[in-house]
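Below is one structure, written out as structure tokens, with a few remarks after it.
The values are calculated or read from the model by the stated rules, or taken from the named source; none is laboratory data. The structure presented is a predicted model; accordingly, all values stated were derived computationally and were not measured. Just so you know, the surface numbers come from the protein's heavy atoms only, side chains and all, with ligands and any DNA or RNA stripped out. Shrake-Rupley method; radii C 1.70, N 1.55, O 1.52, S 1.80 Å.
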Amino acid sequence: MTITATDLVTGHHNAADLPELREELLDVYRDAYADKITNPFFAEDRYWQRLEVYAVRDGFQLVTGRLHDRLVGYALGYTLPAGSAWWRGLLNEVDAGLLVEDGTRTFALNYIMVRQATRRHGMAKALHDALMASRTESRATLLVQPENVPASAAYANWGWYRIGQLKPFDDAPTYDALILDLGRKR
Ligand SMILES: CC(C)(COP(=O)(O)OP(=O)(O)OC[C@H]1O[C@@H](n2cnc3c(N)ncnc32)[C@H](O)[C@@H]1OP(=O)(O)O)[C@@H](O)C(=O)NCCC(=O)NCCS
């Protein structure tokens with residue numbers, strides 16, 4: 001069967017939809033993160049715990065992508081609250097103004113993933129664009145492991161830029177912290 005992003009059907013969801021989507025979301029996670037899932041930080045139960053924490057945040061949104069009814073990928077995030085701890089693990093100095101959160105400024109993209117069999121067909125771009133198009137924040141941020149070549153290349157192509165490196169928790173990897181200007185006036 002030909003795989004094309006024009007067949008991708010996107011759906012927008014909030015926290016209330018998580019319980020019924022749980023098994024499908026975890027199935028895609030296991031596939032997309034198959035190379036990392038033996039690392040305790042990426043274990044499925046810890047992933048789901050993180051997702052439930054994100055889901056109760058203001059502005060939480062999940063965009064799902066289905067091909068012929070099968071979930072092939074999704075992206076999710078939430079609005080950083082005023083005084084957010086998001087930037088606390090930043091390892092380098094940046095202009096302090098970059099780190100100010102007022103509860104409306106920044107959308108945090110927590111996860112974007114696509115099943116291995118449907119990669120390199122524009123699915124992630126379609127999910128990303130559907131999610132960003134529905135946001136009202138003036139910018140977005142995400143964390144990506146520098147060695148994650150596919151994701152880093154995608155973000156660079158989509159206009160994200162790096163402001164430094166960040167380690168969110170003691171046992172978390174060190175990530176590149178990226179920003180995307182969403183072109184909306186504050
Ligand atoms: C990163 C990921 C979501 C990309 O999904 P995808 O559907 O294959 O991405 P797209 O087809 O939309 O590709 C978008 C761009 O990403 C880049 N890209 C994607 N895969 C790549 C690869 N293997 N090597 C180099 N660049 C790659 C390309 O620039 C591509 O554009 P192009 O195909 O026009 O050249 C997918 O690889 C994935 O699920 N990885 C595991 C989970 C993950 O790491 N998520 C990101 C965490 S920060």
Whole-Hz Karplus couplings 3J(HN,Hα) for region 91-97, θ = phi - 60° and coefficients 6.51, -1.76, 1.60, Gly and Pro as x, run 9, 10, 6, 9, 3, 4, x
Relative contact order as a percentage, the chain, C-alpha pairs under 8 Å and 6+ apart, gives 21
Taking the alpha-carbon centre of each part, the distance from region 64-130 to region 1-37 in Å is 15
So the angle from the long Cα axis of helix 18-32 to the longest Cα principal axis of the chain, reported in degrees to the nearest 10, equals 90
Mean accessible area per residue over region 5-181 (1.4 angstrom probe, all protein chains present, square angstrom) is 49
Taking protein heavy atoms only, a 1.4 Å probe, and rounding to whole percent, the accessible area of region 1-107 owed to carbon and sulfur comes out at 51
Measuring from the longest principal axis of the C-alpha atoms of the chain, the long axis of helix 44-55 (C-alpha) lies at a number of degrees, nearest 10, equal to 60
Counting every C-alpha pair in the chain, the percent lying more than 20 Å apart is 54
Relative to the chain, whose Cα atoms define the longest principal axis, helix 123-133 and its Cα axis are tilted in degrees, nearest 10, by 50
